[in-house]
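The values are calculated or read from the model by the stated rules, or taken from the named source; none is laboratory data. Every value quoted in this text rests on a predicted model; they were computed, and no experiment measured them. Every residue, glycine among them, receives a Cβ derived from its backbone with ideal geometry; neighbour counts consider all protein chains shown.
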Amino acid sequence: MAEKNLYSVPNILSLMRLALVPVLVALAYFSRAEEFLVVLAISLLSDVFDGYLARKLNQTSELGAKLDSWGDVLTYGCMILGLYWIWPQVFAQQVWFLVAATLSFVVPVAYALGKFGEYPSYHTLGAKTAAVLMAPAFYLLTLVGADLFFNAVIVFHVIVAVEEMAITSVLTGPRSNVRSIFSLAGNSKLAK
């Protein structure tokens, strides 16, 4: 059954996104802005479709949730590297928001790792919304210098991080695909 899950369409999309990470790093390092933005768009679109197809084809799995989470964090890391190497002036202007974005990932993950010993894959409604908003925010920032929307999305990511830490606080065991902290309210069976 695990092999069947590994080769599901959503998992293949997530694996493709992971395979695009070194391509994005190389394009960023060599300051290939146009190519970087095209490959990033492919990666971000695969992120949208993997979750949609997983639900539509009834192919959701713990493995898929983990692959998606790793794809998310590595893609976001590539976006930060892209800013640093391709658009250093934008990176310098946004450095504190980028620090906040990084901490909004690191702190909840460290908390969940400390409590459960594994990487959290909550995929909350807030996290999905923040991920969808990040793509246009990044493109508007890099292409036309529109920073207010980008900053607002980062603030939203911080709010999502607070919710994820609240979820970790409430859960008694690791769990994937939690809709929100409110979906756990009144649930006496919070563990897997």
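List of remarks:
- Residue match in region 9-24 (condition: touching a Cys at 6+ places or on another chain (Cβ under 8 Å), assigned to a helix (DSSP H, G or I) and not assigned by TED's automatic domain parsing to the domain that holds residue 157): yes
- Filtered residues of region 109-156 (kept if polar (S, T, N, Q) and under 20 Å from residue 71 (Cβ atoms)): 121, 124, 129
- So residue 96, is it of a type outside the set (Val, Ile, Thr), outside the structural domain of residue 152 (by TED's automatic domain parsing) and under 23 Å from residue 165 (Cα atoms): no
- Residue within region 49-60 that is in contact with a Lys or Arg (Cβ under 6 Å, 6 or more places away or on another chain) and among the hydroxyl-bearing types (Ser, Thr, Tyr) present: no
- Restricting attention to region 1-55, the residues that are under 19 Å from residue 141 (Cβ atoms) and small (Gly, Ala, Ser) total 5.
- All conditions in (1) without any contact (Cβ under 8 Å) to a residue 60 or more places away in the chain; (2) closer than 23 Å to residue 63 by Cβ; (3) touching a Phe, Trp or Tyr at 6+ places or on another chain (Cβ under 7 Å) hold for residue 125, with the sole exception of (3).
- Evaluation of residue 69 against the conditions (1) polar (S, T, N, Q); (2) touching a Phe, Trp or Tyr at 6+ places or on another chain (Cβ under 7 Å); (3) not assigned by TED's automatic domain parsing to the domain that holds residue 32 shows that the sole unmet condition is (3).
- Any hit, region 131-149, residues being crowded, with 16+ Cβ neighbours inside 10 Å, in contact with a Ser or Thr (Cβ under 9 Å, 6 or more places away or on another chain), in contact (Cβ under 8 Å) with a residue 24 or more places away in the chain and among the aliphatic types (A, V, I, L, M): no
- Residue 136 over 18 Å from residue 102 (Cα atoms) and assigned to a helix (DSSP H, G or I): yes
- Filtered residues of region 21-45 (kept if within 17 Å of the chain's Cα centre (by Cα) and either of a type in the set (Asp, Glu) or closer than 22 Å to residue 61 by Cα (or both)): 43, 44, 45
- Those residues of region 61-72 which are within 12 Å of residue 14 (Cβ to Cβ) and surrounded by fewer than 18 Cβ atoms within 10 Å (Cβ to Cβ), in sequence order: 63, 66, 70
- Cross-chain or 6+ apart pairs with Cβ under 6 Å, region 40-56 first and within 16 Å of residue 79 (Cβ to Cβ), then charged (D, E, K, R): 43/17; 46/17
- Candidate set from region 156-181 (those that are in a helix (DSSP H, G or I) and small (Gly, Ala, Ser)); member that is farthest from residue 103 (Cα to Cα): 169
- Test result for residue 67, touching a residue at least 40 places away in the same chain (Cβ under 8 Å), out of contact with any Leu (no Cβ under 6 Å at 6 or more places or on another chain) and more than 19 Å from residue 164 (Cα to Cα): no
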